[in-house]
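Some notes on the structure that comes next.
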Amino acid sequence: MENKLEEGCCVVACERPLDAQYWDAQWKSNTIGWDLGVPAPPLVAFIDTIENKEAKILIPGCGNAYEADYLVSKGFTNITLIDISETASAILNEKFLNQDAVRVLCEDFFELKDSFDIIIEQTFFCALPPSMRQRYVWKMHSLLNDQGILAGLLFNRQFDVSPPFGGSSEEYEKLFQTAFHIDQLSTANNSVSPRANSELFFSFVKNNSVMVNLYSFEGITCTGCKNSVTEIYSKIEGVKNVNMSSDFKEILIVCDKEIDMKLLQELVSYEKDYKVISY
């Protein structure tokens, strides 16, 4: 099948909220430059390593879900696809109309309540504003069963126009460490040619021994203050990792025991505008 990927993922620059209306507009105008037209070769190779055909698998922000086609062809029986675009979801419902192995959901991924053995990442993470990356880690950890696997592709580059939003292996390691065991995070050696040497294949295993909590944070307006709060929380007994969002509005804390909300608030009470709120 012809490779339909172009250099730019979306023709329309990110000047409006990346919500359901935005993504549906991309589908309606056929502005889907991220669409490969085939399952991504590194994901095909990963799928070929999965032995349990009954594993409960999720593909978020799935688009045309070519990986789901491949999963079905290999005999997998429990596949969930979720996309926020009504147009994309309608296409998928028609495509998999008579396929009992595939369930299609049209809803916000972050509102999903379920559990899975494997979650496959393919151009979903990069479509989210970077300020949502802590929320992504928190949600993925909560959706995976014990020893569940999050695997897929991440961009190891930056983009002049976004989405997609890029990143680096160093950033991803800091973001996911301790919430997951990093089994693999390295340059994909079989990417399609337009993405050659710019994709990282990763496989992360859920760390069942930690708690991954996301909090809303109010009052921070600069990177210096962000770093100060992160350092303070990192010194709490049992805390393994602290990572605050790029817009300073959410903070991810990975720890081996429950942390008292009163303590979190007291530690930042030196600034009257600071307020931490549990979700």
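FYI, it's all coordinate maths here, none of it is from the lab. In this text, all values refer to a predicted model and were calculated from it rather than measured experimentally. Cβ coordinates were reconstructed from backbone atoms using ideal geometry, including for glycine residues, and neighbour counts include every protein chain displayed.
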(request) Work out, step by step, the length gained on full extension between ARG103 and ALA20: first 0.36 nm times the residue separation, then minus their alpha carbon distance; give nm to one decimal. (result) 27.9 nm
(request) Report, in debye and to the nearest 20, how large the dipole of the stretch 211-278 comes out about its Cα centre when Lys and Arg carry +1 and Asp and Glu carry -1 on their Cβ. (result) 40 debye
(request) Show the residues, 5+ positions off or on another chain, whose built amide H is closer than 5 Å to the amide H of ALA101. (result) none
(message) Under the rule a/c < 1.5 gives rounded, and otherwise a/b versus b/c splits prolate from oblate, where does the stretch 135-279 land using the Cα gyration tensor?
(response) oblate
(request) Can you put THR49, THR31 in order of Cβ neighbours within 10 angstrom, beginning with the fewest? (result) THR49, THR31
(request) Mind giving me the nanometre distance, one decimal, between the label points for ILE236 and ASN189, set 7 Å out from Cα along Cα→Cβ? (result) 4.2 nm
(request) In whole Hz, with x marking every Gly and Pro, tabulate ³J(HN,Hα) for the stretch 138-147 from phi via Karplus 6.51 cos²θ - 1.76 cosθ + 1.60, θ = phi - 60°. (result) 4, 5, 4, 4, 6, 7, 7, 5, 3, 6
(request) Pop out the ³J(HN,Hα) list for the stretch 260-267 in order, Karplus 6.51 cos²θ - 1.76 cosθ + 1.60 with θ = phi - 60°, rounded to Hz; leave Gly and Pro as x. (result) 5, 4, 4, 5, 4, 6, 4, 5
(message) What is the angle, in °, between the Cα long axis of helix 223-234 and the longest principal axis of the Cα atoms in the chain? Nearest 10 is fine, range 0 to 90.
(response) 80 degrees
(request) Run the dipole for the chain about the Cα centre, Lys and Arg Cβ at +1, Asp and Glu Cβ at -1, nothing else charged, and hand back the magnitude in debye, nearest 20. (result) 320 debye
(message) Computed from the coordinates I sent, Rg and Dmax of the Cα atoms in Å equals one of (1) 21.5, 78; (2) 24.0, 73; (3) 19.2, 60. Tell me the label.
(response) (3)
(request) Set the Förster radius R0 to 30 Å, insert the Cβ-Cβ distance between ILE277 and SER115 as r into 1/(1 + (r/R0)^6), and round the FRET efficiency to 0.05. (result) 0.70
(message) Quick check on my link table: of LYS56/LYS240; LYS113/LYS272; LYS28/LYS139, which ones sit more than 31 Å apart, alpha carbon to alpha carbon?
(response) LYS113/LYS272
